[in-house]
1. Express in % the proportion of alpha carbon pairs of region 41-143 at distances exceeding 15 Å.
2. Ignoring any ligand, DNA or RNA, what whole percent of the accessible area of the chain comes from carbon and sulfur when the probe is 1.4 angstrom?
3. For the Cα atoms of the chain, what angle does the longest principal axis make with the long axis of helix 18-34, in degrees from 0 to 90, nearest 10?
4. Determine Rg/Rh for region 7-63; Rg is computed over alpha-carbon atoms and Rh is the Kirkwood hydrodynamic estimate from the same atoms.
5. Specify the residue with the greatest mean-square fluctuation among H51, H35, H71, computed from a Gaussian network of the chain linking alpha-carbon atoms under 10 Å apart.
6. Relative to the longest principal axis of the chain, what angle (0 to 90°, nearest 10) does the C-alpha long axis of helix 84-98 take?
7. On average, how much accessible surface per residue is there in region 41-143, in Å², for a 1.4 Å probe, leaving out ligands, DNA and RNA?
8. Peptides 74-83, 54-63: what's the order by average Cβ count within 10 Å, highest mean first?
Amino acid sequence: MPDHPIDLSIAVEPRPDYRDANVVIQGLIDFNAAHAGGAAPQELLVTLRDHDGKVVGGLSGDTWVGWLQVHALWLADDMRGRGMGRALMLEAEREAVRRGCTQAFLETLSFQALGFYEKLGYTVFSRLEGFPPGGARYAMRKTLESWQAD
């Protein structure tokens, strides 16, 4: 116990301010970097734009300590089934290899794109049943090939 009490409060924020969330995220990034030789995640954004420059799809992730982590892959409904998701993934993997990554990690839900990722060479290493109810959440990984940087 500290000699002097600290005046603290814990609160669930009813309308979260993204700046407060960023303080938490940056604090964790800084903590992790201190334990990873100073390395910090490098953001990765790959976009698909229409002829007017509007984003109609994209991939958001980061690279860190030799890994690509895909956080989100999205395509507008009329872009699906045209090979655009595959193109976005391959571009992200190529960039990750260029950045020195040898592995990739992502999560997907049972109603999302499990088969799609498996076709791209990702394998399931964890399955969480009941997330969402009646479904499952999958954690997947892939070893990236150096040829992808060419």
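The values are calculated or read from the model by the stated rules, or taken from the named source; none is laboratory data. If you're wondering where the values come from, they're calculated on a predicted model, not measured in any experiment. As a convention, Cβ positions derive from the backbone with ideal geometry for all residues, glycine included, and neighbour counts pool all protein chains shown. Only protein heavy atoms, including side chains, enter the accessible area calculation; ligands, DNA and RNA are left aside. Shrake-Rupley method; radii C 1.70, N 1.55, O 1.52, S 1.80 Å.
1. Numbers: 3281 of 5253 pairs.
Pairs farther apart than 15 Å: 62 percent.
2. Of all accessible area on the chain, carbon and sulfur atoms account for 55 percent.
3. 90 degrees
4. On the way: Rg = 16.9 Å, Rh = 14.6 Å.
That ratio is 1.16, to two decimals.
5. H51
6. Value to nearest ten degrees: 60.
7. On the way: 6030 Å² over 103 residues.
Result: 59 Å² of accessible area for each residue.
8. Numbers: 74-83: 12.1, 54-63: 18.0.
Going by the mean number of other Cβ atoms within 10 Å, highest first, we get 54-63, 74-83.
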